[in-house]
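Student: Here's a structure for you.
Every number in this text was worked out from the coordinates using simple rules, so none of it is lab data. All figures in this text were calculated on a predicted structure; none of them were measured in a lab. With ideal geometry, Cβ positions are generated from the backbone for all residues, glycine too; neighbour counts draw on all protein chains shown.
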Amino acid sequence: MKIKISFLVIAGILLLLTPPSFVHGKRDQKDLVLYIPFDEGKGKTAEDISGFKNHGKLEGNWKWDDGKFGKAIRFSINDPGMVRTPADKIFLFEGGDEITIMAWVSMDVARPGARGILYNSPNGIKANYAIRLETVDPSFFYRDQQDVNFHRVTGIWDSVPIDTWTHIAATNTFGDPDAMKIYLNGKNQKSSRDGGINKGHEAQDWSKGDGSKPPLPARGPITIGGYGAFAQPFQGAIDEVMIWKVAFTEEEIQEIMLAPGSEFLGVEPYQKLATKWGAIKQNP
């Protein structure tokens, strides 16, 4: 009886120590491909604390600022900058892979055109995946493996406000036409599959993809705040950038956005739990 009670006590303690995602049994921290919280507040490196350690280098012009949680990085469209990680095979997504991209953004001013948030796009705009703002509307897109079409979904329900921290998330299962979704502040948006604007081309001729094709392969680098040589520069601040190799539900996105990712994940959860389990076993 004593052994049984001790086991129940240990199980209860471990349950309390485990972050929500692990309690639910739905998420493995190894699904987290990139997590840059921008909490350094100084220096020229933005640390990736996902475990893959693909730390971002700050390029061009930028400044540290207060974020949604802790610190953030701020960019200006007139004197652009960006964050660039190393290339890594972990960034490559293929047909059938699930993805969730998320970030907090605070836009300084609404200007016509595209404003980059995150790209896996080493070859111009031809992205393995990307999220950006189309003026004030959030958009997720990718180039297909055959290099024929862009596949995109743009939120057309709520607009991203000025000078307000707004959570943007995109989810997809590559190759599933019904899987591309955009979320603003945890709410699934009414969306459009229409193409973007490309000078000299009609939108419907430029972007015909319906989400049914696998993506063009790319191993990064990941850029935040634009792509390439400071193209499509973001105007404002960006915080809490994450890429997951899993498609979150609306409820899960709402859970994550309530706190910094480090709190949602726990700090080194597996190591911490292993240490605490060992201590409990020694002192039942």
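Student: Starting from the Cα gyration tensor of the stretch 34-92, take the square roots of the eigenvalues, sort them a ≥ b ≥ c, and report rounded, prolate or oblate (rounded when a/c is under 1.5, otherwise prolate if a/b is larger than b/c, else oblate). Show your work: numbers first, answer last.
Tutor: Numbers: a/c = 2.31, a/b = 1.38, b/c = 1.67.
Oblate is the answer for the stretch 34-92, as a/c is 1.5 or above yet b/c matches or exceeds a/b.
Student: On a full-extension model of 0.36 nm per residue, what is the gain between Lys89 and Ser262, subtracting their alpha-carbon distance, rounded to one decimal in nm?
Tutor: 59.9 nm
Student: Each residue of the stretch 122-136 in order: what ³J(HN,Hα) in whole Hz does its phi give by Karplus 6.51 cos²θ - 1.76 cosθ + 1.60, θ = phi - 60°, with x for Gly and Pro?
Tutor: So the J values, rounded to whole Hz, are x, 10, x, 7, 6, 9, 5, 5, 6, 10, 7, 9, 9, 6, 10.
Student: For the stretch 59-173, report the translational diffusion coefficient in µm²/s to the nearest whole number, using Stokes-Einstein at 37 °C, 0.692 mPa s, and a Kirkwood Rh over Cα pairs. Intermediate values should be presented prior to the final figure.
Tutor: Values: Rh = 15.4 Å.
So the translational diffusion coefficient is about 214 µm²/s.
Student: Give the aspartates and glutamates whose C-alpha is closer than 16 Å to that of Lys208, dropping any in the same chain fewer than 8 places away, or say none.
Tutor: Asp144, Asp147, Asp176, Asp178, Asp194
Student: Rounded to the nearest 5, what % of DSSP beta bridges with both residues in the stretch 28-261 are antiparallel?
Tutor: 95 percent
Student: Follow-up. For the pair Val109 and Lys187, how long in nm is the line joining their label points, each one 7 Å along Cα→Cβ?
Tutor: 2.8 nm
Student: Loop only by DSSP, 14 or fewer other Cβ within 10 Å of the Cβ. Give me the GluC sites (Glu not before Pro) in the stretch 44-102 that pass, ordered by residue number. Don't jump to the answer; show the numbers that get you there.
Tutor: On the way: sites: Glu47, Glu59, Glu94, Glu98; in loops: Glu47, Glu94.
The qualifying sites are Glu94.
Student: Given Cα pairs under 8 Å that are at least 6 residues apart, what percent is the relative contact order of the stretch 28-261?
Tutor: Normalised by residue count, the contact order of the stretch 28-261 is 29 percent.
Student: Collect residues whose amide H, placed 1.01 Å from N in the peptide plane, falls under 5 Å from the amide H of Glu40; neighbours closer than 5 in sequence don't count.
Tutor: HN-HN under 5 Å from Glu40: Glu47.
Student: With a point put 7 Å past each Cα toward its Cβ, work out how far His55 is from Ala229 in nm, to one decimal.
Tutor: 2.8 nm
Student: Per residue of the stretch 137-143, in order, report the coupling 6.51 cos²θ - 1.76 cosθ + 1.60 (Karplus, θ = phi - 60°) as ³J(HN,Hα) in whole Hz, putting x for Gly and Pro.
Tutor: With coefficients 6.51, -1.76 and 1.60, one gets 10, x, 9, 10, 8, 8, 9 Hz.
Student: Can you give the FRET efficiency for Lys208 and Ser159, using 1/(1 + (r/R0)^6), R0 = 25 Å, r = Cβ-Cβ distance, to the nearest 0.05?
Tutor: On the way: r = 26 Å, r/R0 = 1.03.
Step by step, r from the Cβ atoms, then E = 0.45.
Student: Does the stretch 28-261 come out rounded, prolate or oblate by the C-alpha gyration tensor, with a ≥ b ≥ c the root eigenvalues, rounded set by a/c under 1.5 and, if not, prolate when a/b is larger than b/c and oblate if not? Walk me through the numbers on the way to the answer.
Tutor: On the way: a/c = 1.33, a/b = 1.23, b/c = 1.09.
Because its axes are fairly even, with a/c under 1.5, the stretch 28-261 counts as rounded.
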